[in-house]
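None of the figures in this text is laboratory data; all of them are computed from the coordinates on show. Everything numeric in this text was worked out from a predicted model, so none of it was measured. Here the Cβ positions follow ideal geometry from the backbone for every residue, glycine too, while neighbour counts run over all protein chains shown.
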Amino acid sequence: MSLDALPPLREVIARHGLGADKRFGQHYLLDLNLTAKIARLCGDMTGHEVIEVGPGPGGLTRALLAAGAPRLTVIERDARFLPALEEIGSAAPGRLQVIQADALGADEAGLVSGPALLASNLPYNVGTALLIKWLEATPPWWARLVLMFQKEVAERVVAEPGEEAYGRLAILVTSVARARYAFTVPARAFTPPPKVDSAVVVLEPLAEAERFGDLEALRIVTESAFGQRRKTLRRSLAQAAARKGLSAEALLEAADIDPGARAETIPPAGFMRLASAWRSMRPTGGQQPDI
């Protein structure tokens, strides 16, 4: 059987009893035009290994193989989907590897021999956590990420300073990657339809010399700054500063940032300076760091 001869996804879902499980944030994308469009965002797959997380019944899996993925590894937590995925593997001999695992604990770098492409209709409940995991990989094992999120999460990934969606996620992304918003996917395209629209974003890693090397410190200062985003940085950064036995004013002065500014107005480069200052500064006046 060839890929073109595989039965329609709706038939596969009905035959295997694959109702969406809300616990795993499952919504199936059955529109072949949309899955093909997502696969094309991976670019030329020649010479690349490809990973898909959360393939479900295999709609995007089929599209990635049809678009030329020479070797595709799919990571699926829900064992109910394994028979349907094995059927796809039989239609693409030697090109599909199916791994039953929780992607949050998977070692993607150990599955590939070089920079890989990853495409996924991410489960809503773990999408952000997975993205942060992949951003923190050092060195990055991926050459491109093509990811579908809830639309509001996608907007947070690509947000610019001053925009309502701008916050920790955009800063973490900018520190290690270039991201672009590809297109919106309406809720009606899914089965069952979620309550919100989705969107696809594309991320490519920065060169090693351009990457910010201390994401732990960056996470700490951005959590503090955006945890109270209505307050000035003088007040919102107090908690992060106290962890190092510092005052927020001293930390902001070292990073050349106005203490009266609010977090949403500071560009990513400013937060990277803050993170570097937080990491390097030592307490004064007998204060003891809490780290």
Q. So between Ala261 and Glu163, what do we pick up on full extension, going 0.36 nm a residue minus the alpha carbon distance?
A. 33.8 nm
Q) For region 215-280, with only Lys/Arg (+1) and Asp/Glu (-1) charged at the beta-carbon, what is the dipole magnitude about the Cα centre, in debye rounded to 20? A) 240 debye
Q | FRET efficiency, Val196 to Lys37 (Cβ-Cβ, R0 25 Å, nearest 0.05) | A | 0.80
Q | the chain, dipole about Cα centre (Lys/Arg Cβ +1, Asp/Glu Cβ -1), debye to the nearest 20 | A | 580 debye
Q) From the backbone phi of region 6-15, what are the Karplus-calculated ³J(HN,Hα) couplings (6.51 cos²θ - 1.76 cosθ + 1.60, θ = phi - 60°) in whole Hz, Gly and Pro given as x? A) 5, x, x, 4, 4, 5, 4, 4, 5, 5
Q. Stretch Ala91-Glu204 to full length: gain in nm at 0.36 nm per residue minus the Cα-Cα span?
A. 37.6 nm
Q | Calculated from backbone phi, Karplus (6.51, -1.76, 1.60) coupling profile of region 142-154 in Hz, x at Gly/Pro | A | 10, 9, 6, 10, 10, 10, 9, 10, 4, 4, 5, 6, 4
Q | Taking all pairs of distinct alpha-carbon atoms in region 3-210, Kirkwood radius in angstrom | A | 17.2 Å
Q: Report the relative contact order of the chain, percent, no decimals, based on alpha-carbon pairs under 8 angstrom and at least 6 residues apart.
A: 14 percent
Q) Tell me, what HN-Hα J-couplings in whole Hz come from the Karplus equation 6.51 cos²θ - 1.76 cosθ + 1.60 at θ = phi - 60° for each residue of region 239-251, using x for Gly and Pro? A) 5, 5, 5, 5, 4, 10, x, 10, 9, 4, 4, 5, 5
Q. Taking a 19 Å limit on the Cα-Cα distance, which of the listed pairs Lys22/Lys195; Lys133/Lys195; Lys151/Lys195 fall beyond it?
A. Lys133/Lys195
Q: Could I get the Rg over Rh figure for region 211-250? Both from C-alpha atoms, Rh via Kirkwood, rounded to two places.
A: 0.99
Q. Taking amide H positions as placed 1.01 Å from N in the peptide plane, with prolines and chain starts having none, which residues 5 or more places from Trp142, or on another chain, fall under 5 Å of its amide H?
A. Ala116
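Show that you can apply the helix-only estimate: for the chain, add -39,500 (n - 2.57) for every DSSP H stretch of four or more residues, divide by all residues, and state [θ] at 222 nm to the nearest 500.
Numbers: 12 runs with 104 residues, N = 291.
So the calculated ellipticity at 222 nm is -10000 deg cm²/dmol.
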Q) Which of the aspartates and glutamates could be linked to Lys231 by a straight reach, that is with a Cα gap under 17 Å, when you skip same-chain ones fewer than 8 residues away? A) Glu163, Glu164, Glu223, Glu249, Asp258, Glu264
Q) If only Cα atoms are counted, what is the Rg of region 181-234, and what is its Dmax, in Å? A) 17.6, 47
